Amino acid sequence: MTDFNQKIYIAGHQGMVGSAIIRALKKQGYSNIIGRTYKELNLTNQAEVNQFFKEVKPDQVYLAAAKVGGIYANNTYPAEFIYDNLMVEANVIHAAWVNGVQKLLFLGSSCIYPKEASQPMREDTLLTGKLESTNEPYAIAKIAGIKLCESYNRQYGVDYRSVMPTNLYGSGDNYHPENSHVIPALIRRFHEAKESNAKSVNIWGSGKPRREFLCVDDMAEASLFVMHLDKLTYNSNINPMGSHINVGFGSDISILELANLIKNITGFNGDILFDASKPDGTFQKWMNSELINQLGWHAKIDLEQGLMKAYDDFKNHYQVLRK
């Protein structure tokens, strides 16, 4: 029988993914959900994390806290991306084990896979080739998180799982004009171009690369689905020792097609100009989600529907974002 009062800690509860997981948990009837802001708990500080786990003693942990950003941010702050993410993962996973947490879900990223991985990318292509150079520090940190979970499972018999989402977007996203991912950056850029009656919007790269996008509310549902799989089902399907599982939408789209879709949703009437002198990143990133689909989970929110919801979220927060 499900205990809806068990103590569940969401690391990164104010972020896009963490807040979506909270919405999904509440929808299912869970009520004892715990979160801490950065001011209350610095997850890169081992002593603070250890003290928190010792005092709170959560039953489950969703590790959604991470330093994230697009190509510009990854290129500009590589030291921060590898250090912050390594420290957060190591501190939370180790403290969870020390304090008796048996179930933990770590959220990774599609960038863990090699730059030249065949598409769509299968779980078993991990560590079979070189990573994309623009986000290698972040990817290495996320791979370390997977291996931390694997290692603690092997040595201590806990049940720490990892899910690898494709590119996420939706309510609560970061709309910074330079440090955000492609969808929120484009939403803001097209909206502001419309407001200022600009003649065109400039976008990095050629527009040819293809990306897969998943609404964060679908990702939250997938996270709960994977966490709730019984241990035998999970470990018998994922090798080695419950390593990781992909979560994707099921199809991809070119950046040019995406830009035109966002242009139409925002109502911008000008031109789209691509700057091919800027990096494209990996040409295609598309997750093979056959495993989680076979286990019973499928994405429900199509891209246009999800983008319309994301644009509504942006408009609701735009006045605050401008300050």
(request) For segment 198-216, indicate whether the set of residues that are at pLDDT 95 or above, crowded, with 17+ Cβ neighbours inside 10 Å, under 30 Å from Arg154 (Cβ atoms) and among the acidic types (Asp, Glu) is non-empty. (result) no
(request) Kindly check whether there is at least one residue in segment 152-169 that is under 25 Å from the mean Cα position of the chain (by Cα), farther than 30 Å from Asn235 by Cα and not in a helix (DSSP H, G or I). (result) no
(message) Looking only at segment 115-139, filter to residues that are of a type in the set (Asp, Glu) and assigned to a loop (DSSP other than H, G, I, E, B); which one of those is surrounded by the fewest Cβ atoms within 10 Å (Cβ to Cβ)?
(response) Glu116
(message) Of everything in segment 258-283, what is surrounded by fewer than 16 Cβ atoms within 10 Å (Cβ to Cβ) and over 30 Å from Glu195 (Cβ atoms)? Give them in sequence order.
(response) Phe283
(request) Check Tyr38 against each of (1) surrounded by 17 or more Cβ atoms within 10 Å (Cβ to Cβ); (2) of a type in the set (Phe, Trp, Tyr); (3) in a loop (DSSP other than H, G, I, E, B) and name the one condition it does not meet. (result) (1)
(message) List the helices (runs of 4 or more DSSP H) inside segment 203-284, counting only whole elements, that have at least 2 residues being hydrophobic (A, V, I, L, M, F, W, C).
(response) 216-228, 255-266
(message) Residue under question is Glu89, and the condition is that it be charged (D, E, K, R), surrounded by 18 or more Cβ atoms within 10 Å (Cβ to Cβ), at pLDDT below 95 and within 23 Å of Ile245 (Cα to Cα); does it hold?
(response) no
(request) Answer yes or no as to whether Val98 is among the β-branched types (Val, Ile, Thr), surrounded by fewer than 21 Cβ atoms within 10 Å (Cβ to Cβ) and at pLDDT 95 or above. (result) yes
(message) For the condition in a helix (DSSP H, G or I) and under 22 Å from Ser19 (Cβ atoms), what is the one hit in Lys194, Lys142, Lys147?
(response) Lys142
(message) From the list Ile292, Ile245, Ile255, Ile238, exactly one residue is surrounded by 20 or more Cβ atoms within 10 Å (Cβ to Cβ), on the phi < 0 side of the Ramachandran plot and modelled with pLDDT under 90. Which is it?
(response) Ile238
(request) Can you run down the residue pairs with Cβ atoms below 7 Å, 6 or more apart or on separate chains, where the first is in segment 280-297 and in contact (Cβ under 8 Å) with a residue 24 or more places away in the chain and over 15 Å from Tyr113 (Cβ atoms) and the partner is of a type in the set (Ser, Thr, Tyr) and assigned to a loop (DSSP other than H, G, I, E, B)? (result) Asp280/Ser206
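The values are calculated or read from the model by the stated rules, or taken from the named source; none is laboratory data. Predicted model, so just to flag it, every value in this text is computed and none were measured. Reconstructed Cβ throughout: ideal geometry from the backbone, glycine too, with neighbour counts over all protein chains shown.
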